[in-house]
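Worksheet: one structure, shown below.
The values are calculated or read from the model by the stated rules, or taken from the named source; none is laboratory data. These figures come from a predicted structure and were not determined experimentally. Note that we place each Cβ from the backbone using ideal geometry, even for glycine, and neighbour counts take in every protein chain shown. Please note that ligands, DNA and RNA were not included when accessible areas were found on the heavy atoms of the full protein model with its side chains. Shrake-Rupley method; radii C 1.70, N 1.55, O 1.52, S 1.80 Å.
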Amino acid sequence: MNAKPKIALAIGILCISIFPILVRLQLTDGLISAFYRMFIAAILLLPYLIVTKKFRLPTTKILVLAIICGIVFATDIAIWNIAIQHSSATQATLLANLSPVWVGIGSFIFLKNKPALNFWLGTTIALIGMVILVGFEVFSQLHFDLAFTFALVSGMLYATYILMSKKILSQMEVLSFMNIVLISSSLFLGLVCWITDKTFTGFSNTAWFVLFIQGAICQLTAWLLISYATQHIRATRVSLSLLGQALLATFLAWLFLDEKMSGFRIFGAVFLLLGIRITFYDKPLSCKNLKNKL
């Protein structure tokens, strides 16, 4: 496999990992933050496409699917914010990160490339690592309420977006796809914010700067790179690799927010990375060749 998609995926995940740190600053409302994340990315990309004339309008069928994809992504962000606001961030993170399981099931049903044993083994190991990284105590705090459902649905929507984008990107260019997704997401989230009486202005200079970073780096740069990787890498591998953002976010929180990083959490991080590594191993698994590759 060409190394470029892997590098693009890694950089994209790094860009996404900055987002939780910015959100924890709580400079704006969660839904407004989600809206401006998409809107700022859209107004940065659209002029470039107009000037360079690189936008290519797809067939009506693909256009409709891309618009739906944008609404799915926007709904995921909105539901994710609601889940965090009405439950612990830890619970929401754990449930939303079940998305690789949903991608695996969806790939098995809808895509030609079925998940191999490597994916299921890697997913199991990575999720064990995620649980250790998040903390076992989260299970004693699970509340099977509306917030629990929203967090679970968020993971399913995330998986749906990845599967849909994989199909759509086989028939259109990344820049054109991102443009449609960003515009449809911005319109949808703007409508949600308007209906719920959110304030669109009156923020501090720091808040506007953070919103710009979210749109330019966490959305536009990150998802251009991830979408490029999705064109060349299996959807199952992309979805599982995205778990790496939790690891990077934890490291950044330790570095900048003075959050604790215990040896037990480091052990979980190693498990998480091991699981992701296994999914990128193409040969049939055996004790000997798996040991040699890892």
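Could you pull out the residue among Leu9, Leu57, Leu45 that is within 15 Å of Val181 (Cα to Cα) and open to solvent by less than 20 Å² (accessible area, probe 1.4 Å)?
Selected residue: Leu45, the only one of Leu9, Leu57, Leu45 that is within 15 Å of Val181 (Cα to Cα) and open to solvent by less than 20 Å² (accessible area, probe 1.4 Å).
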Pick from segment 194-221, criterion of a type in the set (Phe, Trp, Tyr) and in a helix (DSSP H, G or I), ranking: nearest to Leu14 (Cα to Cα):
Phe212
Restricting to segment 52-68, name every residue that is modelled with pLDDT under 90 and hydrophobic (A, V, I, L, M, F, W, C).
Phe55, Leu57
Considering only residues that are farther than 29 Å from Thr59 by Cβ, touching a helix residue (DSSP H, G or I) at 6+ places or on another chain (Cβ under 7 Å) and surrounded by fewer than 15 Cβ atoms within 10 Å (Cβ to Cβ), which ones fall in segment 169-198?
Thr196
With Ile71, Ile40 as the choices, which residue is in a helix (DSSP H, G or I), open to solvent by 40 Å² or more (accessible area, probe 1.4 Å) and modelled with pLDDT of 85 or more?
Ile71
